[in-house]
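Presented below is the structure to which this report refers.
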Amino acid sequence: MAAEIGHLSLWVALAASLVLAIFPLIGVHRGVLAWQRYARPLAWLQWMAMTVAILALGYSFYINDFSITYVANHSNSELPLGYRLSAIWGGHEGSLLLWGWMLAGWTALVGLLSRTVPLTMVVRVLSVMGMIAVGFLAFMLFTSNPFDRALPWFVMDGADLNPLLQDPGLIVHPPMLYMGYVGFAVAFGFAVAGLLEGNLDPAWARWARPWTTVAWCFLTVGIALGSWWAYYELGWGGWWFWDPVENASLMPWLAGTALIHSLAVSEKRNLFRAWTVLLAIVTFSLSLLGTFLVRSGVLTSVHAFANDPSRGAFILAFLVVVAGGALTLFALRAGRLSGQGGFRAMSRESFLLGNNLVLLAATFVVLMGTLFPLLGEAMDIKVSIRSPYFNAFFVPLTLLLILLLVPGMMSNWKRQAGKPLVRRLLWLAPAALIGGWLGARLPGATPWPGTLALILALFLVLAHLDDVVRRALAYNRGLFAGLRKLTRSYIGMVVAHCGLAVLVAGVTVVSFHEIERDVRMSPGDVAEVGGYRFEFESLSSPVGPNYQSQKAHFLVSRDGRPVTEMNPEKRTYRASGQVMTEAAIDGRLMRDLYVALGDPRGEDAWAVRIYHKPMVRWIWLGALIMALGGALALSDRRYRKPMGGVAGEQA
Amino acid sequence: MNRRDRDEPRRQRGVSLWVFLPLAAFVALAVLLASGLGRNPEELPSELVGKPLPAFQLPSLLGERTLTPASLRDQNWKLLNVWATWCPTCYVEHPYLLELAARGIPIIGLNYKDETDAARDYLANLGNPYSEVVVDHDGQLGLDLGVYGAPETFLLNPEGRVVLRHAGDLNQRVWEEKFQPLLDQAKAGENRSGGED
């Protein structure tokens, strides 16, 4: 019964989004206020219908209704309840439902929270988001309905949720990622609405900005969680594989990062407007492309669990309509969007433009690397694209980004005198050089690219500290009173930039100083890695709810003092027979110890992977700090107070 | 809008062309994606089913010898598994290959676009399920086979002809659904006809 209610709700949501996509928009063009007023209630109706649908699917998982194909394929009666519920988005159909539900949620929220935005603009944004919802709902209902029943021959018990997905990290990773992907739909909606309205003034940028920042924060956290999950769940200790699906989430993040900076220029200086709109379109299109790459089977990867070309064709067609339509509109309208007032080569605008170009170049590098297998096949070139390719471009681009970021952050809008800027940089540079150089010697000899990266990371932090102190002192009320006067959006920027420094430092140190040992060990054996002594004490065979396990027990000590105990496992899942490695990780701020069981080697000997990973945690910490920076910027007073003052500032 | 802005005319002339650039780039991308869509990676291009392996002459990872399709052929059904150390899914798949090998199923490895030393370490550390490993450093054989990514597994019959291709990781479920039925069928056929072919 729940399935039928869910299915029906999807149709209701489709009807609501269809009406939302058409009539309010006609209302705007004809000037019929009554039609425009329907936009908000329709957004709500759509959201409520989607909520009923997702609850219905959750309930079906809860009661183990295996007559529903999707439930039978992604859950079984042995699966713990938490995983049964997270199996809602464990597969293709359910992920789409989650996507659609979030899209509906964002749409309803835009309707709710933009009371002060002119009605025609809100209506246009909601309509554009309604169009996206139509596409997604049609996709779901016609190619991937999560509520399809396998009657009359249904199974008594379901298949297992993919063991890779049976993990707390994965309960929250896809929703976070999707919140980011879908959140950029709001920015897209604003971009298209702005193009339709022909109005892209600073007020427009201010309305679009918080939404974009929220989406960016979610995506940041989502990517960090994904990387963290790959690190501890795949049992190989890697934190980024340049896998197509990872790249699919990185591309909208890079473009989205460019977008939030470009929006800042559009809001403060009424410049870069065509560029901002283009970035908004590109960012959301890349989110859709991510979905396409994951779901179509065009590229295989460890994450691509559901591949189906007919679905791929639908998503591609959808992508063509959404991105192609928006870009056509852009081409027709962007010519009228000239900026107001110029800026000097030496100004915050220039540096931000540089930052945008670097971020877009990075996006392009990832896009090319991801699509190259396709391109190569089309052109019959045999080039393998692996991490050396990405690193060769990505590392210099990141360092260049920091080099532009520091003077950019220090510069004034419009024009910046060269001398004071150079003086500030020269004051900071020696400190960064010496500190970074020493920091690079601390974990051992670091090659020059690593040393350079650490110097730049330190430079980034010092420059921001310097800037914070200067700005606080500029109030002439003493340091602490001045600090309290700094705006949240400024503090958010400082925090996010420091997050980048933390991330760069983590990536650098772990890349150059990690130690990976693969050794054959039996109970009683001892291995020394990175100054730690790992004693393989014993082996046991515990039984889990839906798997059987081989569990090793390690005692770890350093200089004779016990540090920790570690219990890596090898699990065999009963329903699917899949074997999973559960690595044991002892994480500290400055280092991770990582022990994973490889394969049995005769009697009770095992191939054991023992890693020492200094500062690997800084990678995810840095990402979280960045997201925190975004959240702080969002809590700025000008977003919290009603956006009534907009008209005044426009003048 | 400030029409008197001095650099406006210049900018507008520039604009007229570049605004179409994103659209053009996107169209090219869409065409590329559409071309990729035509191929279903889960299924073998029909030309290869029933055909022998493409000709090759490549070194072995396990010793100083050169391998050809003929040198790999014997009277057994066997698997040809495409793998690489850069492929995360291969690590996931590896234990199952070891299990198959332990059950006496011959598996030939195709080390695809990989560093040879890393590949040797991989087998030394994780165990070697392969009776022989072909080193396809440049990916030429992979290309001839229409390999689309690693891992991929081909089922070869005793004459060395391709019977089945599976893209993605090999696990118990895939084995039971796709590979085992073919092997059972072949065995039944052999018993009935007394090994006619």
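The values are calculated or read from the model by the stated rules, or taken from the named source; none is laboratory data. Owing to the predicted nature of the structure, the values given are computational and were not obtained by experimental measurement. Reconstructed Cβ throughout: ideal geometry from the backbone, glycine too, with neighbour counts over all protein chains shown. Just the protein is used for accessible areas: all its heavy atoms, side chains included, with ligands, DNA and RNA removed. Shrake-Rupley method; radii C 1.70, N 1.55, O 1.52, S 1.80 Å.
For region A:378-427, the candidate set comprises residues that are part of a loop (DSSP other than H, G, I, E, B) and more than 14 Å from A:Met346 (Cβ to Cβ); within that set, the residue that is modelled with the highest pLDDT is A:Arg386.
Residue count for region B:162-183 satisfying the condition of being within 11 Å of chain A (Cβ to nearest Cβ) and open to solvent by 30 Å² or more (accessible area, probe 1.4 Å): 4.
Whether any residue in region B:62-69 is in contact (Cβ under 8 Å) with a residue 24 or more places away in the chain and β-branched (Val, Ile, Thr) is what I want to check. So far as region B:62-69 goes, no, none of its residues is in contact (Cβ under 8 Å) with a residue 24 or more places away in the chain and β-branched (Val, Ile, Thr). With respect to the stated conditions, B:Leu155 is in a strand (DSSP E or B), assigned by TED's automatic domain parsing to the domain that holds B:Thr66, open to solvent by less than 10 Å² (accessible area, probe 1.4 Å) and at negative phi. Run down A:Leu96, A:Leu79, A:Leu103, A:Leu55 and say which single residue is at pLDDT 90 or above and open to solvent by less than 20 Å² (accessible area, probe 1.4 Å). The conditions single out A:Leu103. The condition (being out of contact with any helix residue (DSSP H, G or I) (no Cβ under 6 Å at 6 or more places or on another chain) and not in a strand (DSSP E or B)) is satisfied by just one residue among A:Ser538, A:Ser511: A:Ser511. Among the residues of region A:583-621, which ones are of a type in the set (Asp, Glu), under 29 Å from A:Ala457 (Cα atoms) and open to solvent by less than 20 Å² (accessible area, probe 1.4 Å)? Of everything in region A:583-621, just one residue is of a type in the set (Asp, Glu), under 29 Å from A:Ala457 (Cα atoms) and open to solvent by less than 20 Å² (accessible area, probe 1.4 Å), namely A:Asp592. Of the set (1) assigned to a loop (DSSP other than H, G, I, E, B); (2) surrounded by 14 or more Cβ atoms within 10 Å (Cβ to Cβ), all apply to B:Gly50 but (2). Does at least one position in region B:153-161 carry a residue that is without any contact (Cβ under 8 Å) to a residue 12 or more places away in the chain, acidic (Asp, Glu) and either more than 9 Å from every other protein chain (Cβ to nearest Cβ) or touching a Cys at 6+ places or on another chain (Cβ under 8 Å) (or both)? Checked against the condition, which is being without any contact (Cβ under 8 Å) to a residue 12 or more places away in the chain, acidic (Asp, Glu) and either more than 9 Å from every other protein chain (Cβ to nearest Cβ) or touching a Cys at 6+ places or on another chain (Cβ under 8 Å) (or both), region B:153-161 yields no hits at all. Scanning region B:104-127 for residues that are part of a loop (DSSP other than H, G, I, E, B) and either touching a residue at least 12 places away in the same chain (Cβ under 8 Å) or within 13 Å of the chain's Cα centre (by Cα) (or both) gives B:Ile105, B:Pro106, B:Lys113, B:Asp114, B:Glu115, B:Gly127. Within region A:344-364, if we keep just the residues that are open to solvent by 50 Å² or more (accessible area, probe 1.4 Å) and within 20 Å of A:Lys419 (Cα to Cα), the residue that is modelled with the highest pLDDT turns out to be A:Met346.
Only one entry of A:Thr276, A:Thr283, A:Thr291 meets the criterion of being within 30 Å of B:Thr89 (Cβ to Cβ), at pLDDT 85 or above and more than 8 Å from every other protein chain (Cβ to nearest Cβ), and that entry is A:Thr283.
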